[in-house]
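In what follows, a structure is listed as C-alpha cells, so that the remarks can point back to it.
The values are calculated or read from the model by the stated rules, or taken from the named source; none is laboratory data. Keep in mind that this is a model prediction, so the values were computed, not measured. Note that we place each Cβ from the backbone using ideal geometry, even for glycine, and neighbour counts take in every protein chain shown. Heavy atoms of the whole protein, side chains included, go into the accessibility calculation; ligands, DNA and RNA do not. Shrake-Rupley method; radii C 1.70, N 1.55, O 1.52, S 1.80 Å.
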Amino acid sequence: MKDTDIKRLLYTHLLCIFSIILSVFIPSLFLENFSILETHLTWLCICSGFVTAVNLVLYLAVKPNTSSKRSSLSHKVTRFLKCCIYFLMSCFSFHVIFVLYGAPLIELALETFLFAVILSTFTTVPCLCLLGPNLKAWLRVFSRNGVSSIWENSLQMTTISSFVGAWLGALPIPLDWERPWQMTVERKCSICRSLHVPRMGLGPVIR
C-alpha cells in the first residue's frame, strides 16, 4: 500500500510540474506576444489556473483521503464554497504579509496580489484538496509529529518549501534593477532619496 501511495504521489508531483511547463507554452498558441517576462501578470493567472485545475483533477482521481461516509449534495456544495472562501482569505492574507514586508501598498498592488495568488495556489490549494476546509486537520498536519500518512507528509514538505522558495527567490531581485522587468535606476534612486534609505535598503518588489 505504501509503495502504491509513493507511486501515486510521484505521478501527482510530475503532473503538477508538467502543468507549469504547459502554462508556459500553450498560451503562446492562443495569445499574441505572450511571454513570461513581457506579459508576466497574464502568465501568473494562467499558471495559477493550470496548477489549480490539475490539483483538483488529481486529488479527485487519486482520492488519498477517501471517507466511508457518503455526503449529500448540499454538503459538497457547502464544502466547495468554504474552500473558495479559504482560498480567497489565503490570497488576501499573503497580500497583507507582502505589504508588511515592504511591497508597495497602492502602487503595484495587482502584481503583489497575483504573487499572493500564485503562492496560495502552491500552498493552500493542495491543503484544501487533501484536507478540506478543516482547520483542526490543518493544525494537526503542520504541528510537530502530526502527520499520519505519506500524503500529509508530502503536503507539509511542499508547503514549507513553497514559502522558503518564495523568500529565497526574492533575495537576488535587487541585483538586476536595470533589467526591463525591474524598476528603472532613476525611479529607484528617487524613491531612495524620498525615503532616506540606501539603495540596497529597499525591500525587493515582486512584479
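Restricting attention to the stretch 163-180 and to residues that are aromatic (Phe, Trp, Tyr) and open to solvent by 40 Å² or more (accessible area, probe 1.4 Å), the residue that is modelled with the lowest pLDDT turns out to be Trp167.
Entry remark, the stretch 148-158: residues being closer than 13 Å to Cys127 by Cβ and assigned to a loop (DSSP other than H, G, I, E, B) number 0 in total.
In the stretch 57-71, the condition of being on the phi > 0 side of the Ramachandran plot and surrounded by fewer than 12 Cβ atoms within 10 Å (Cβ to Cβ) is met by at least one residue. Mind checking whether some residue in the stretch 89-97 is closer than 19 Å to Ile36 by Cβ, modelled with pLDDT of 90 or more and either buried (at least 16 other Cβ atoms within 10 Å of the Cβ) or not β-branched (Val, Ile, Thr) (or both)? The answer is no, given that none of the residues of the stretch 89-97 is closer than 19 Å to Ile36 by Cβ, modelled with pLDDT of 90 or more and either buried (at least 16 other Cβ atoms within 10 Å of the Cβ) or not β-branched (Val, Ile, Thr) (or both).
Per-residue answers, yes or no, for (1) among the charged types (D, E, K, R); (2) under 18 Å from Ile118 (Cα atoms); (3) open to solvent by 100 Å² or more (accessible area, probe 1.4 Å):
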{"position": "Asp3", "(1), (2), (3)": "yes, no, yes"}
{"position": "Leu10", "(1), (2), (3)": "no, no, no"}
{"position": "Ser23", "(1), (2), (3)": "no, yes, no"}
{"position": "Ser35", "(1), (2), (3)": "no, yes, no"}
{"position": "Phe50", "(1), (2), (3)": "no, yes, no"}
